[in-house]
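Asker: Below is one structure. I have some questions about it.
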């Protein structure tokens with residue numbers, strides 16, 4: 001049986017808006033900023049992401065690790 005090519009959703013929201021995907025994208029952005037030597041910007045971005053509602057404990061720990 002062929003699989004659907006439709007993106008998975010959670011309660012009508014596309015997968016791109018799920019907290020986990022957003023956190024992964026943010027973590028990549030923070031890592032890229034840090035790698036480029038823009039540490040102040042990386043810290044600000046991680047701190048802003050930590051203020052987001054409904055982050056899991058694992059997501060919070062990942063962002064705290066990046067912020068440090």
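Laboratory data are not the source of any read-out in this text; all were calculated from the coordinates shown. Keep in mind the model is a prediction, meaning the values are calculated, not measured. Cβ: placed from backbone, ideal geometry, glycine included. Neighbour counts: every protein chain shown.
Asker: Calculate the FRET efficiency for residue 28 and residue 51 from the Cβ-Cβ distance with a Förster distance of 22 Å, rounded to the nearest 0.05. Walk me through the numbers before you get to the answer.
Answerer: Numbers: r = 18 Å, r/R0 = 0.84.
The computed FRET efficiency comes out at 0.75.
Asker: With contacts defined as alpha carbon pairs under 8 Å and 6 or more residues apart, what's the relative contact order of region 18-67 in percent?
Answerer: On the way: 40 pairs, mean separation 20.4, N = 50.
Normalised by residue count, the contact order of region 18-67 is 41 percent.
Asker: When the expected Rg is taken as 2.2 N^0.38 Å, what fraction or multiple of it is the alpha-carbon Rg of region 18-67? Let's see the in-between values first.
Answerer: On the way: Rg = 9.9 Å, N = 50, 2.2 N^0.38 = 9.7 Å.
Compared with the compact-globule rule of thumb, region 18-67 sits at 1.02.
Asker: Quick check on packing: order 50-57, 31-38 by the mean number of other C-beta atoms within 10 Å, highest mean leading. Spell out each step's value before the answer.
Answerer: Details: 50-57: 10.6, 31-38: 13.0.
So the order, starting with the most tightly packed, is 31-38, 50-57.
Asker: Still on this structure, please answer the following. Full-extension gain between residue 38 and residue 67, please, as 0.36 nm times their residue separation minus the C-alpha to C-alpha distance.
Answerer: Numbers: separation 29, 0.36 × 29 = 10.44 nm, distance 1.22 nm.
Length difference between fully extended and current span is 9.2 nm.
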